[in-house]
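**Student:** This is the structure I have questions about; it appears just below.
We did not get these values from a lab; they are worked out from the coordinates using the rules stated. For clarity, every value in this text was computed on a predicted model and none was experimentally measured.
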Amino acid sequence: MKLINPVKLLTDARTAANCAYAPYSKYRVGAALLTADDTIFTGCNVENSSYGLTICAERVAIFSAISAGKRKFKALAIVSKGKKSPSPCGACRQVLAEFSRNIPIYFASASALKKFRCIPSADLLPESFKL
Ligand SMILES: [Zn+2]
């Protein structure tokens, strides 16, 4: 796993969180995904009154990259507007595992970007589902 300087990625994720549509949970999250060719794709969580249709910021960013033909990633940053640093849900961990074996995942609260944590994606879901 190769670490990067996450400042730009965390800042982009925090900006993306401003676009979150979270009228139900009020939990606003942004994600920024760095691809192998140094393109950044962002995403925010988008909730729905039918809760099961809600999608997380991480998956929006990943699916945006895939839609643009990018499938190799270097790093992912996730920023929440809450006081606590966010952590990806199981679905997002599995989706990430589909495309990235081991990249750094940076987590931070929007109010404390400099206090980010970094966890290797392989540690987030060590026994991911694979066909
Ligand atoms: Zn998720």
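**Student:** Could you name the aspartates and glutamates whose alpha carbon sits less than 16 Å from that of K26, not counting residues in the same chain fewer than 8 places away?
**Tutor:** E47
**Student:** Counting helices only, and only those DSSP H runs with n ≥ 4, report the 222 nm mean residue ellipticity of the chain as the sum of -39,500 (n - 2.57) divided by its residues, in deg cm²/dmol to the nearest 500.
**Tutor:** That comes out to -8000 deg cm²/dmol.
**Student:** Run the numbers for T54 and I119: contour at 0.36 nm per residue of separation, minus the present Cα-Cα distance, in nm.
**Tutor:** 20.9 nm
**Student:** What share of all Cα pairs of the chain, in percent, falls into each consecutive 5 Å distance bin?
**Tutor:** Values per bin, smallest distances first: 2, 12, 23, 25, 21, 12, 4, 1, 0.
**Student:** Right, something else. Run the numbers on the chain and let me know its relative contact order in percent, using alpha-carbon pairs under 8 Å that are six or more apart.
**Tutor:** The normalised contact order for the chain reaches 24 percent.
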